[in-house]
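The values are calculated or read from the model by the stated rules, or taken from the named source; none is laboratory data. From a predicted model like this one, the values you see are computed outputs, not experimental measurements. Positions of Cβ are backbone-derived with ideal geometry, glycine not excepted, and every protein chain shown enters the neighbour counts.
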Amino acid sequence: MTSRPVLIATFNLGKLREFAGVAEAYGVTIAGVPGFSSLPPVIEDGATFEANARKKAEAYSLAAPGELVLADDSGLEIDALGGAPGVHSARYAAEEPHAATTNSEDEANCARVLRELRNIPPEKRAARFVCVLAAARDGQTLQVFRGTAEGTILDAPRGNNGFGYDPLFHFPQIGRTFAELSTTEKTRYSHRGAAFRMFLSWYGRQT
């Protein structure tokens, strides 16, 4: 496979570590979009993860002409909350998550989820992490990839690794939360790892 790096459009260092962990096994190099910190932020106002991922990938790919740029939108869907926090996962602690323009602190987002599930029994706390990746070049989306991880929400955080809702998300397959896993372990089971492996399989056929 080519040594040309895949450009990732994100400020989230946790996401970058996960992408890099998967990519290494495929001989792919991960890099950030040049000058990413100085680019105007893309407003994530899409109604779905795919809409937001496409919007970001297309906009940021214009800053790297001719290069393949990957952007993701991901979040947590909890059945007992009607699929919330969903596309508002990163801003869920805000008074009006749909109108917030900046992300909330992870701890505050987790605290709101715990408050809203306070009276929900363990057997009704089914949830899933969803990740949609969009690959774009010169403002056009070329392909979209979706990965999920099914689990349950605990009544208290567990583990010190990961980010976001990882301390609350219990993965029955291994009996631990995502925050109790190393980066390498997490990419083996996570929604982001699943979506990125789909991308890498596709990418390998393009080069």
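Tell me which residues, restricted to the stretch 167-200, are touching a strand residue (DSSP E or B) at 6+ places or on another chain (Cβ under 9 Å) and polar (S, T, N, Q).
GLN173, THR177, SER190
Looking at the stretch 52-65, can you tell me whether even one residue there is of a type in the set (D, E, K, R) and either under 14 Å from the mean Cα position of the chain (by Cα) or part of a loop (DSSP other than H, G, I, E, B) (or both)?
Quick first cut of the stretch 52-65, residues of a type in the set (D, E, K, R) only: 54-56, 58.
After this cut, where a residue has to be either under 14 Å from the mean Cα position of the chain (by Cα) or part of a loop (DSSP other than H, G, I, E, B) (or both) as well, the list is 54, 56.
Yes - at least one qualifying residue is present in the stretch 52-65.
For the stretch 80-103, enumerate the residues that are among the basic types (Lys, Arg) and more than 21 Å from ARG128 (Cα to Cα).
none
One line per residue, one yes/no per condition, for (1) over 15 Å from ALA195 (Cβ atoms); (2) surrounded by 15 or more Cβ atoms within 10 Å (Cβ to Cβ); (3) in contact with a helix residue (DSSP H, G or I) (Cβ under 8 Å, 6 or more places away or on another chain):
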residue: ALA47; (1), (2), (3): yes, no, yes
residue: LEU70; (1), (2), (3): no, yes, yes
residue: ALA93; (1), (2), (3): yes, yes, yes
residue: ALA108; (1), (2), (3): yes, no, no
residue: PHE129; (1), (2), (3): no, yes, yes
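If I filter the stretch 74-86 for residues that are outside any helix (DSSP H, G or I), in contact (Cβ under 8 Å) with a residue 60 or more places away in the chain and more than 13 Å from the chain's Cα centre (by Cα), do I get at least one hit?
For the stretch 74-86, residues outside any helix (DSSP H, G or I), in contact (Cβ under 8 Å) with a residue 60 or more places away in the chain and more than 13 Å from the chain's Cα centre (by Cα): present.
Output the qualifying pairs, or none if there are none: Cβ atoms under 6 angstrom, residues six or more apart or on different chains, first residue in the stretch 36-58 and free of Cβ contacts under 8 Å to residues at least 40 places away in the same chain, second residue in a helix (DSSP H, G or I) and among the charged types (D, E, K, R).
VAL42/LYS55; VAL42/LYS56
Among residues belonging to the stretch 144-193 that are polar (S, T, N, Q) and in contact with a helix residue (DSSP H, G or I) (Cβ under 6 Å, 6 or more places away or on another chain), point out the one that is surrounded by the most Cβ atoms within 10 Å (Cβ to Cβ).
THR187
For the condition in contact (Cβ under 8 Å) with a residue 60 or more places away in the chain and closer than 22 Å to GLY83 by Cα, what is the one hit in HIS170, HIS191?
The conditions single out HIS191.
Pick from ALA94, ALA90, ALA57: which is small (Gly, Ala, Ser) and at pLDDT 95 or above?
ALA57
Hey, can you tell me all the residues within the stretch 102-153 that are among the aromatic types (Phe, Trp, Tyr) and free of Cβ contacts under 8 Å to residues at least 60 places away in the same chain?
Matches in the stretch 102-153: PHE145 only.
For residues that are crowded, with 17+ Cβ neighbours inside 10 Å and under 20 Å from GLY164 (Cα atoms), scanning just the stretch 21-45, find the one that is modelled with the lowest pLDDT.
GLY21
Looking at the stretch 1-48 only, could you name the residues that are closer than 13 Å to LEU70 by Cβ, of a type in the set (Gly, Ala, Ser) and in a loop (DSSP other than H, G, I, E, B)?
Residue satisfying the conditions is ALA9 alone.
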